[in-house]
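Structure record follows, encoded as structure tokens.
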Amino acid sequence: MTDAKKDRPYGLGRRKEAVAQVQLSTTPKERTVNGIAFTTYFPTEAMQNAVIRPLKTTSQDDVFGFGLRIYGGGKNSQADAASLAIARAILTSDEGYRKALRAAGLLTRDPRAKERKKPGLKRARRAPQFSKR
């Protein structure tokens, strides 16, 4: 890795099974996810807004671009994981944004995850069908 890449703000975010790693760049138009254009990877406007929300909250939308690596989970979980990763990366560049990001709820990791399967059941809570006779 070159020295220029080491100095870029880095962040990691998780949501359910999705994991997102981000490196912010100083070119605002550079927005890629797994090597694909950002708007192609996240097709809906709601998902795109969720990912960019930390940049808009801190008014850094025209300052930073990003390169995301995401794996696991579904698209919505990946968008939430990316949002957390970008918020954490912004903090590594400037700690002064902590109050604004915290107030918007962008620094809190969502702890909800899939409940484990229990023995004797088909899923976490789904029991086999009961037959009286």
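For this structure, a couple of remarks:
- 1.4 Å probe accessible area per residue over the chain, in Å²: 65 Å²
- For TYR97, the solvent-accessible surface computed with a 1.4 Å probe is close to 60 Å², ligands and nucleic acids excluded.
- Most mobile of ILE90, ILE52, ILE36 in a GNM of the chain (Cα contacts under 10 Å): ILE36
- Relative contact order of the chain, pairs being alpha-carbon contacts under 8 Å that are 6 or more residues apart, as %: 32 percent
- 24 Å Cα-Cα threshold exceeded, pairs from LYS56/LYS114; LYS29/LYS99; LYS16/LYS118: LYS56/LYS114; LYS29/LYS99
- Taking the chain as a Gaussian network of alpha-carbon nodes connected by springs under 10 Å, the highest mean-square fluctuation of the residues GLN78, GLN48, GLN21 belongs to GLN48.
- Here the range 37-99 exposes an accessible surface that is 50 percent carbon and sulfur, computed with a 1.4 Å probe and the other protein chains kept in place.
- When the chain is treated as a GNM with alpha-carbon contacts under 10 Å, the residue of ASP94, ASP110, ASP61 showing the greatest mean-square fluctuation is ASP94.
- Estimated [θ] at 222 nm from DSSP helical runs (n ≥ 4, -39500 (n - 2.57)) normalised by residues in the chain, nearest 500: -10000 deg cm²/dmol
- The long axis of helix 75-93 is offset from the longest Cα principal axis of the chain by roughly 40 degrees.
The values are calculated or read from the model by the stated rules, or taken from the named source; none is laboratory data. What you see is a predicted model; the values in this text were computed from it and never measured. With ligands, DNA and RNA removed, areas are computed over all heavy atoms of the protein, side chains included. Shrake-Rupley method; radii C 1.70, N 1.55, O 1.52, S 1.80 Å.
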